[in-house]
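Asks: The structure's right below; bear with me while I get my questions together.
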Amino acid sequence: MFAYLLRRVLYAIPILIGVNLLTFTLFFVVNTPDDMARLQLGAKHVTPEAIERWKVEHGYDKPLLLNRDAQGSAQFTDTIFFKHSAAMFAFEFGKGDDGRDIGNEIVTRMGPSLAIALPVFAIGLLVNISFALLMVFFRSTYLDLWGVVLCVVLMSISGLFYIIAGQFFIAKLWNLLPISGFADGLDAFKFVLLPVLVGVVSGIGSGSRWYRTIFLEEIGKDYVRTARAKGLSEVRVLFRHVLKNGLIPILTGAVVVLPLLFMGSLIVESFFGIPGLGSYTIDAIQAQDFSVVRAMVFLGAVLYIVGLILTDLSYAWADPRVRLQ
Amino acid sequence: MSAIQPVILWTDALVFALVAGVTGLVLYIRRHEHLRAPWAGVARQPMAMGSALVLAVFVVIGLLDSLHYRERLPDSPPDKPQYSVEVLSAFDALVGPLRTQQEKTYSAPLAMHLYAKEFVDHDGVVVREYPRLKYGGAHLESAAAHWADIVRRVLLGSVQGLAIALLLVGVLAAWQARRSRQSYGEWLTVFGTGRLGWPGRTLATMLALIAIAIAVLLHLAAGYHVLGTDKVGQDVLYISLKSIRTGLVIGTLTTLVTLPLAVVLGIAAGYFRGWVDDVIQYVYTVLNSIPGVLLIAAAVLIVQVYIESNPELFDTAAARADIRLLALCLIMGMTSWTGLARLLRGESLKLSTLDYVEAARAFGVSHSRILGRHIFPNVFHLVLIAIVLDFSGLVLAEAVLSYVGVGVDPSMYSWGNMINGARLELAREPVVWWQLGAAFAFMFTLVLAANLFADGVRDAFDPRLGGRR
């Protein structure tokens with residue numbers, strides 16, 4: 001078990017190196033620091049001196065991979081690659097264009113992100129499973145058929161519509177909740193309610209349809225027939241047998257996104273003005289703040305890989321037939 | 001010397017290449033019974049066929065909008081013609097006045113007055129009131145006749161649409177009756193009782209609904225701005241219709257990019273195993289572990305820098321927007337091939353251990369032949385299902401990416417840009433809702449039709465759901 005875990009963690013290292021090299025290529029080789037400076041300065045202020053000054057300010061005035069002017073190991077360490085890409089392995093992200101430390105920002109913004117993402121995830125899972133079970137209980141009736149059609153309809157609505165409609169009707173027209181904003185501590189509750197509601201509703205369509213197929217696959221299996229043959233009621237079969245076994249793929253599938261919840265939701269956070277990592281990322285993309293985007297790419301990759309490892313572990317934990325070797 | 005100069009944008013060329021490819025595929029499938037069978041299964045499902053009809057309307061509009069040209073400037077010398085920098089399409093020519101009849105600013109759907117009050121000069125007396133629109137309802141003497149006129153147009157359109165639909169169905173019925181060697185009456189009885197073997201009644205109903213919708217729209221659009229006008233006074237119906245092409249291009253060309261990568265790499269990983277498998281798995285795990293939006297954002301920013309530093313390569317604004325659209329498709333394709341590749345890897349891993357593949361290998365059949373004859377045909381249904389399922393997701397993704405600022409060019413007509421431009425207008429008093437509503441409604445119609453069609457295709461092709469066939 002421990003050996004397996006160790007191997008998985010070691011396997012993550014080449015992947016992170018790959019991610020790092022890819023972002024390095026995208027941000028420094030294809031798109032040189034000169035291009036970045038030109039984009040940032042805007043057409044009016046582009047002079048060779050201004051570009052040079054911008055590069056010095058951001059620490060991009062070094063060679064990419066090998067610094068021939070330096071001595072000893074500084075030949076490798078005093079380069080853009082080492083200072084800006086390799087340093088991310090130590091979670092040193094440097095400063096954003098606004099001069100703030102990115103690492104600090106990430107730590108303070110994780111809280112608000114989680115305050116939205118975690119309830120959306122948990123409530124969403126509960127609601128979707130309940131809907132799916134309801135459809136499975138009434139399977140091959142009109143209720144099931146229209147349930148599936150409703151799911152497809154809900155899936156076909158743009159996520160932006162849920163947000164805009166929610167803000168317009170619930171917040172603006174009926175004045176039930178604040179349109180956007182955030183507060184610390186318990187005051188956050190009323191600000192969190194609407195984004196969570198929107199997040200849950202926008203996930204119902206695809207989620208419950210997906211879970212319905214999982215439950216239907218379970219319901220065709222032999223042990224379910226045996227349970228019915230024993231004379232168990234349909235409700236009992238559904239809750240004691242189908243639900244329990246269907247939960248294995250559902251929960252293990254959900255584990256992979258668990259670490260990514262820290263990143264928050266890009267669109268929801270930016271619409272509702274939540275000071276989380278999602279809105280941080282969007283702001284960085286719109287301001288073309290490359291150091292923040294790079295940091296978020298790396299963070300996302302790390303969290304995704306953690307999610308993969310957790311998935312493997314949860315399989316072994318939930319299903320005794322799976323052995324980790 | 002001609003009055004117009006055809007313009008072939010990059011995406012146009014690819015769209016028509018795609019059409020040619022699909023036509024070729026259809027002809028190929030028609031000649032092979034075993035390939036035709038699952039499609040016949042799709043054709044039997046009312047829901048799938050109804051949505052296919054809706055999709056067809058969208059595709060026709062999109063294709064018309066892909067025939068681009070530039071008009072000759074009227075005062076340019078005949079021996080040395082100069083062409084307008086504005087790139088138009090066959091669709092623009094078709095809807096003519098819809099494009100050119102521009103108001104001053106916002107106006108509500110079917111309105112005859114502007115949205116905002118202005119000072120109007122009535123023979124020297126200046127009054128602050130809602131001014132009349134230049135085109136919307138300009139044929140009316142006074143506001144009293146407004147609603148009566150709208151009702152008249154709707155009724156007229158409905159009757160004409162219904163008549164056209166009945167005529168079409170009648171002609172098609174005559175053709176079908178001849179084909180099945182029945183009398184007209186016999187065929188209609190079979191049709192009316194729904195024993196046709198294919199969903200004739202659903203198709204006829206959908207045809208009638210579409211015909212009525214088009215006829216009503218035509219009648220209304222002749223006198224009004226059916227969906228209102230936007231901030232600069234442009235007709236919202238026109239913008240929404242123009243956005244269809246963008247949505248379709250993103251949904252189809254992206255998959256076209258995805259496909260070769262996913263198929264080649266996925267099958268190669270599953271079939272050859274060993275180090276090939278390791279390398280390919282490594283590549284897609286790396287790509288997968290980067291959050292998709294961020295990768296797309298990074299790549300789009302780079303493309304933007306490239307376009308801005310090489311302005312001489314693009315002679316018109318349309319060409320510039322088009323290359324950005326193509327780049328977006330390429331980028332989205334590069335980030336989204338991993339799912340299908342993983343699926344194909346698993347399936348070909350399974351297939352390559354089957355007896356008949358082992359036997360082929362023992363006979364010394366070459367790898368390329370085994371892959372072509374045994375592996376690819378057996379995973380083809382997965383590829384097809386993935387194409388139709390991905391389409392709707394890509395159309396929806398465009399809107400989100402445009403909101404983030406890394407979608408299509410801001411000058412391009414797209415539902416994402418419409419939503420992005422109008423979302424703050426909900427804060428106005430009275431609310432400007434029609435632009436958002438139109439974008440969401442059009443997007444919803446296309447995505448719902450695509451989803452329902454995709455479900456039909458999956459039901460017919462997925463062997464795991466075999467019971468329904």
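Asks: With Cβ to Cβ distances under 10 Å as the rule, what net charge do the other residues near A:HIS84 carry (K, R +1; D, E -1)?
Replies: +2
Asks: Quick one: compute the contact order of region B:314-434, relative version, from alpha carbon pairs under 8 angstrom and 6+ residues apart, as a percent.
Replies: Numbers: 58 pairs, mean separation 28.7, N = 121.
It rounds to 24 percent for region B:314-434.
Asks: I'm a student and want to see the number: the projected area of the Cα convex hull of region A:114-206, averaged over all directions, in nm².
Replies: Values: hull surface 26.4 nm².
Spelled out: convex hull of the Cα atoms, projected over all directions, averaged, 6.6 nm².
Asks: Where Rh denotes the Kirkwood radius from the mean inverse Cα pair distance, what is Rg over Rh for region B:140-221?
Replies: On the way: Rg = 17.3 Å, Rh = 14.4 Å.
Computed over Cα atoms, the ratio is 1.20.
Asks: In addition: Is there a quick way to get the dipole size of the protein assembly as shown? I mean about its Cα centre, with the Cβ of Lys and Arg at +1 and of Asp and Glu at -1; what is the value in debye to the nearest 20? Working shown, then result.
Replies: Working: 65 positive and 60 negative charges, 685 e Å.
Roughly 3300 debye, rounded to the nearest 20.
Asks: In addition: Show the residues, 5+ positions off or on another chain, whose built amide H is closer than 5 Å to the amide H of B:TYR83.
Replies: HN-HN under 5 Å from B:TYR83: B:LEU73.
Asks: Using only the Cα atoms of region B:273-336, build the gyration tensor, take square roots of its eigenvalues as a ≥ b ≥ c, and label the shape rounded, prolate or oblate: rounded if a/c is under 1.5, else prolate if a/b is larger than b/c, else oblate. Can you show the working numbers first?
Replies: On the way: a/c = 3.30, a/b = 2.66, b/c = 1.24.
Since a/c reaches 1.5 and a/b is larger than b/c, the shape of region B:273-336 is classed as prolate.
Asks: May I ask for the angle, rounded to the nearest 10°, between helix B:317-351 and the longest principal axis of chain B, with both axes built from Cα atoms and the value confined to 0 to 90°?
Replies: For helix B:317-351, the angle is close to 30 degrees.
Asks: Now a separate question. Give me the percent relative contact order of chain B, please, defined on Cα pairs under 8 angstrom at least 6 residues apart. Walk me through the numbers before you get to the answer.
Replies: Details: 606 pairs, mean separation 94.3, N = 469.
So the answer I get is 20 percent.
Asks: Among the aspartates and glutamates, which have Cα under 15 Å from the Cα of B:LYS134 when same-chain residues fewer than 8 positions away are ignored?
Replies: B:GLU103, B:GLU118, B:ASP230, B:ASP235
Asks: Just flag the trypsin sites (Lys or Arg not before Pro) in region A:221-260 sitting in loop per DSSP whose Cβ has no more than 11 other Cβ atoms within 10 Å. Mind showing how you got there, number by number?
Replies: Working: sites: A:LYS221, A:ARG225, A:ARG228, A:LYS230, A:ARG236, A:ARG240, A:LYS244; in loops: A:LYS221, A:LYS230.
Passing both the DSSP loop test and the Cβ count: A:LYS230.
Asks: Among B:GLY185, A:GLY94, A:MET135, pick out the residue whose Cα is farthest towards the positive end of the charge dipole of the protein assembly as shown, where Lys and Arg carry +1 and Asp and Glu carry -1 on C-beta, about the Cα centre.
Replies: Of the listed residues, the answer is B:GLY185.
Asks: Separate question: Per residue, how big is the convex hull around the C-alpha atoms of the protein assembly as shown? Give it to me in cubic angstrom, could you? Write out the running numbers ahead of the final one.
Replies: Values: hull volume 209.3 nm³, N = 794.
Enclosed volume per residue, from the Cα hull, is 264 Å³.
Asks: Sticking with this one: Treat region B:45-195 as a sphere of radius equal to its Kirkwood radius over Cα pairs and apply Stokes-Einstein at 25 °C in a medium of 0.890 mPa s; give the translational diffusion coefficient in µm²/s, rounded to a whole number. Don't skip to the answer; put the middle values down first.
Replies: Details: Rh = 21.3 Å.
The estimated diffusion coefficient comes to 115 µm²/s.
Asks: Cα centroid distance between region B:83-101 and region B:344-397, in Å?
Replies: Centre-to-centre (Cα) distance: 45 Å.
Asks: Let me check I've understood the local charge: for A:SER113, count other residues with C-beta under 15 angstrom from its C-beta, Lys and Arg +1, Asp and Glu -1. What total comes out?
Replies: On the way: positive: A:ARG109; negative: A:GLU105, A:ASP184, A:GLU269, A:ASP283.
Taking every other residue near A:SER113 into account, the sum is -3.
Asks: Residues of A:26-39, mean number of Cβ from any other protein chain within 10 Å of their own Cβ, rounded to a whole number? Mind showing how you got there, number by number?
Replies: Numbers: counts 6, 3, 0, 0, 6, 8, 1, 0, 2, 7, 2, 0, 3, 5.
For peptide A:26-39, the averaged partner shielding equals 3.
Asks: Based on the Cβ-Cβ distance of B:VAL279 and A:VAL257, what FRET efficiency does E = 1/(1 + (r/R0)^6) give at R0 = 35 Å, to the nearest 0.05? Don't skip to the end; give the middle numbers.
Replies: Details: r = 27 Å, r/R0 = 0.77.
Result of the calculation: an efficiency of 0.85.
Asks: Semi-axes of region B:4-100's equivalent ellipsoid from the Cα gyration tensor, sqrt of 5 times each eigenvalue, largest first, rounded to whole Å? Let's see the in-between values first.
Replies: On the way: eigenvalues 306, 58, 12 Å².
Result for region B:4-100: semi-axes of 39, 17, 8 Å.
Asks: Which whole-angstrom value gives the distance between the alpha carbon centres of region A:265-325 and region B:118-195?
Replies: Going from one Cα centre to the other spans 51 Å.
Asks: Run the quick spin-label model on A:LEU186 and B:GLU312: label points 7 Å from Cα toward the beta carbon, then report their separation in nm to one decimal.
Replies: 6.9 nm
Asks: In the calculated pair distance distribution of region A:201-320, what percentage of Cα-Cα distances lie above 25 Å? Intermediate results must be reported in sequence, preceding the final value.
Replies: Values: 3269 of 7140 pairs.
Summing the P(r) tail past 25 Å for region A:201-320 gives 46 percent.
Asks: Need the list of lysines near B:LYS242 for cross-linking: C-alpha distance under 22 angstrom, and skip anything on the same chain fewer than eight residues off.
Replies: Result set, ordered by chain and number: B:LYS104, B:LYS231.
Asks: Still on this structure: Taking 20 Å as the cut-off for C-alpha to C-alpha distance, list the pairs among A:LYS244/B:LYS350; A:LYS221/A:LYS244; A:LYS55/A:LYS83 that go past it.
Replies: Details: A:LYS244/B:LYS350 29 Å; A:LYS221/A:LYS244 13 Å; A:LYS55/A:LYS83 14 Å.
Violating the 20 Å Cα-Cα cut-off are A:LYS244/B:LYS350.
Asks: I would also like to ask the following. For region B:375-465, which trypsin sites (Lys or Arg not before Pro) pass both filters: DSSP loop (anything but H, G, I, E, B) and at most 16 other C-beta atoms within 10 Å? Each step should come with its number before you reach the end.
Replies: On the way: sites: B:ARG423, B:ARG428, B:ARG458, B:ARG464; in loops: B:ARG428.
Sites meeting the loop and neighbour criteria: B:ARG428.
Asks: Moving on. Decide, for region B:247-301, between rounded, prolate and oblate: order the square roots of the alpha carbon gyration tensor eigenvalues as a ≥ b ≥ c, take rounded if a/c falls under 1.5, and otherwise choose prolate if a/b is larger than b/c, else oblate. Mind dumping the intermediate values first?
Replies: On the way: a/c = 3.94, a/b = 1.49, b/c = 2.64.
Oblate.
Asks: Shape call for chain A from the C-alpha gyration tensor, a ≥ b ≥ c root eigenvalues: rounded (a/c under 1.5), prolate (a/b greater than b/c) or oblate? Present the calculation step by step, with values, prior to reporting the outcome.
Replies: On the way: a/c = 2.99, a/b = 1.67, b/c = 1.79.
It is oblate, given that a/c is not under 1.5 and a/b is not larger than b/c.
Asks: While we're here: Quick one: which residues, 5 or more positions from B:TYR69 or on another chain, have an amide H under 5 Å from its amide H? H modelled 1.01 Å from N in the peptide plane, none for Pro or chain starts.
Replies: Here B:VAL7, B:LEU88, B:SER89 satisfy the definition.
Asks: Considering every residue in B:394-403, what mean count of other chain Cβ atoms within 10 Å of its Cβ is obtained?
Replies: Details: counts 0, 2, 7, 2, 1, 5, 5, 0, 1, 8.
Going residue by residue through B:394-403 and averaging, the value is 3.
Asks: Also, I was wondering about something else. Given the options B:PRO291, B:PRO74, B:LEU344, identify the residue whose Cα lies farthest towards the positive end of the charge dipole of chain B (+1 on Cβ of Lys, Arg; -1 on Cβ of Asp, Glu).
Replies: Value computed over the given set: B:LEU344.
Asks: While we're on this one: Once you put a point 7 Å from the Cα of A:GLU234 and another 7 Å from the Cα of B:ARG361, both along the Cβ direction, what distance in nm separates them?
Replies: Roughly 4.8 nm, to one decimal.
Asks: Once both axes come from the Cα atoms, what is the angle between helix B:434-461 and the longest principal axis of chain B, in degrees from 0 to 90, rounded to 10?
Replies: 20 degrees
Asks: Once each part is reduced to its C-alpha centroid, what is the distance from region A:109-150 to region B:226-293 in angstrom?
Replies: 27 Å
Asks: Here is a further query. May I ask you to sort A:ASP319, B:ASP65, A:ASP222, A:ASP289 by Cβ crowding, counting other Cβ atoms within 10 Å and putting the fewest first?
Replies: A:ASP222, A:ASP319, A:ASP289, B:ASP65
Asks: What helices does chain A have that are whole DSSP H segments, at least 18 Å long along their own axis by Cα, and with mean Kyte-Doolittle hydropathy of -1.0 or more? Please report the intermediate quantities before stating the final value.
Replies: Details: long enough: A:2-24 (33 Å, 1.57); A:102-137 (49 Å, 1.66); A:142-156 (21 Å, 1.97); A:188-219 (42 Å, 0.98); A:290-318 (41 Å, 1.69).
Taking the DSSP H segments of chain A (at least 18 Å long, mean hydropathy at least -1.0), we get A:2-24, A:102-137, A:142-156, A:188-219, A:290-318.
Asks: Trypsin sites (Lys or Arg not before Pro), restricted to region B:158-242: which are DSSP loop and have at most 16 other Cβ atoms within 10 Å?
Replies: On the way: sites: B:ARG178, B:ARG179, B:ARG181, B:ARG195, B:ARG201, B:LYS231, B:LYS242; in loops: B:ARG181, B:ARG195, B:LYS231.
Those that pass, being in a loop and sparsely packed, are B:ARG181, B:ARG195, B:LYS231.
Asks: Hey, got the dipole for chain B? About the Cα centre, +1 on K and R Cβ, -1 on D and E Cβ, debye to the nearest 20? Walk me through the numbers on the way to the answer.
Replies: Details: 38 positive and 35 negative charges, 379 e Å.
Here the size comes out at about 1820 debye.
Asks: If one takes the longest principal axis of the Cα atoms in chain B, at what angle in degrees, from 0 to 90 and to the nearest 10, does the Cα axis of helix B:292-309 lie?
Replies: 60 degrees
Asks: May I ask for log10 I(q)/I(0) of chain B at q = 0.06, 0.09, 0.12, 0.13 Å⁻¹, from a Debye sum over the Cα atoms as equal point scatterers with solvent left out?
Replies: -0.36, -0.77, -1.23, -1.35
Asks: Relative contact order for region B:202-332: what is it in percent, counting Cα pairs under 8 Å that are at least 6 residues apart?
Replies: Details: 47 pairs, mean separation 26.1, N = 131.
Rounded, it is 20 percent for region B:202-332.
Asks: Run down the lysines and flag those whose C-alpha is under 26 Å from the C-alpha of A:LYS190, throwing out any fewer than 8 positions away in its chain.
Replies: By straight Cα distance, A:LYS190 reaches A:LYS172.
Asks: While we're on this one: What is the dipole size for region A:48-179, taken about its Cα centre, with +1 at each Lys and Arg Cβ and -1 at each Asp and Glu Cβ, in debye to the nearest 20?
Replies: Details: 10 positive and 12 negative charges, 95 e Å.
Using Cβ point charges on Lys, Arg, Asp and Glu, region A:48-179 gives about 460 debye.
Taken together, the values in this text are just the output of simple stated rules run on the coordinates, not laboratory data. Source: prediction; values computed, not measured. Cβ coordinates were reconstructed from backbone atoms using ideal geometry, including for glycine residues, and neighbour counts include every protein chain displayed.
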